[in-house]
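Bear in mind these aren't lab numbers, they're just calculated from the coordinates by the rules spelled out. Note that the structure is predicted; figures quoted are calculated from it, not measured. Here Cβ is always computed from backbone atoms with ideal geometry, including for glycine, and neighbour counts include all displayed protein chains.
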Ligand code: C5P
C-alpha cells in the first residue's frame, strides 16, 4: 500500500489517500489548537503521542468487541485506517462535569454525572459545531433513529471500557469525543481517541492530563502528554 495524495487536512491531522481505495493514512501533526482555532501552536512530538495513544485505544476497543476504523501503525505519528463514510456528528460522553457543560448549565466542575450524559454536536466548522437534539438529527437527515440508538449504545460501551482501563491506571475519564462512520453499512468508531479529544484527570490530585493544560496554560503540555501516554501504555498500578 502506497500513500498517493492529500485528501483532507484538519486542525491537527491530515488524511491521505492510498493506492488502495479502501485504505487511508491518518497523520497526526504536531499542531495544537483550541477555542475553535483561535489559539494555535506547534509542539514537537505531540503528533506521535496522540497517534500512539489513539492506536492503542483502537486496538483495545477491537479486543473488547467494538469495531473501529483502525488497520495498523505505519510510523510513530501515522496509522492506516479504513475509508469510512463519515457521519458529521461529534458524540461526547461526560462522566464528570467540566468544560462547556459547566459554562452552559448549572453544574459545578467536578460534579459526577451518573448515568453518563451524552451530548451530540453537529460537526461543521461553518456552523461552529452547534449542539443537536434527536429531532434536529433526523430533520437534517444525518442518521436514522436505529442508527442513533446504535451510536449512543456504542459510545456508552466505549465509555465503560475506557473508564475501567484508565481507572486502573489512576486516571479519571472525565469526558471524551467520538466520531463514527460507516463501512459496508456497519457503524464503526473513526477519527481519534487521544489527549486532544478526552478530558483526563489524575485520580489523586485531579490535575488535568489532557488538552486543558494547553487551553488554560496549566503547565508544560508536552511533559503532560508524554507522562499520560506512558501511564496509558503501562500495566495497571498496584493499589
Ligand atoms: O469543550 P467541551 O467541554 O464541550 O468538550 C467535551 C470533550 O470533547 C472534551 O474532552 C474535548 O476535548 C472534546 N472535544 C473534541 N473536539 C471538539 C469538541 C470537544 O475532541 N470539537
- Query: Relative contact order, percent, of the chain when contacts are C-alpha pairs under 8 Å separated by at least 6 residues?
  - Reply: 18 percent
- How would you classify the chain from its alpha-carbon gyration tensor, with a ≥ b ≥ c the square roots of the eigenvalues: rounded for a/c under 1.5, else prolate if a/b is greater than b/c, otherwise oblate? rounded
- Taking Cα atoms of the range 85-219, Rg/Rh with Kirkwood Rh, to two decimals? 0.97
- Query: Label-point separation (nm) for residue 124 and residue 144, each offset 7 Å from Cα along Cα-to-Cβ?
  - Reply: 2.3 nm
- Using a basic spin-label model with each label point 7 Å from the Cα along Cα→Cβ, how many nm lie between residue 38 and residue 167? 3.6 nm
- Note on the structure: With -39,500 (n - 2.57) per DSSP H segment of 4 or more residues and division by the full residue count of the chain, the 222 nm estimate, nearest 500 deg cm²/dmol, is -8500 deg cm²/dmol
- Mind giving me the FRET efficiency for residue 105 and residue 160? R0 is 25 Å, r the Cβ-Cβ distance, nearest 0.05 is fine. 0.55
- Query: Calculated FRET efficiency, residue 133 and residue 11, Cβ-Cβ r, R0 22 Å, to nearest 0.05?
  - Reply: 0.25
- Message: If I stretch the segment between residue 85 and residue 73 completely, what's the gain in nm (0.36 nm per residue apart, minus their alpha carbon distance), one decimal?
- Response: 2.2 nm
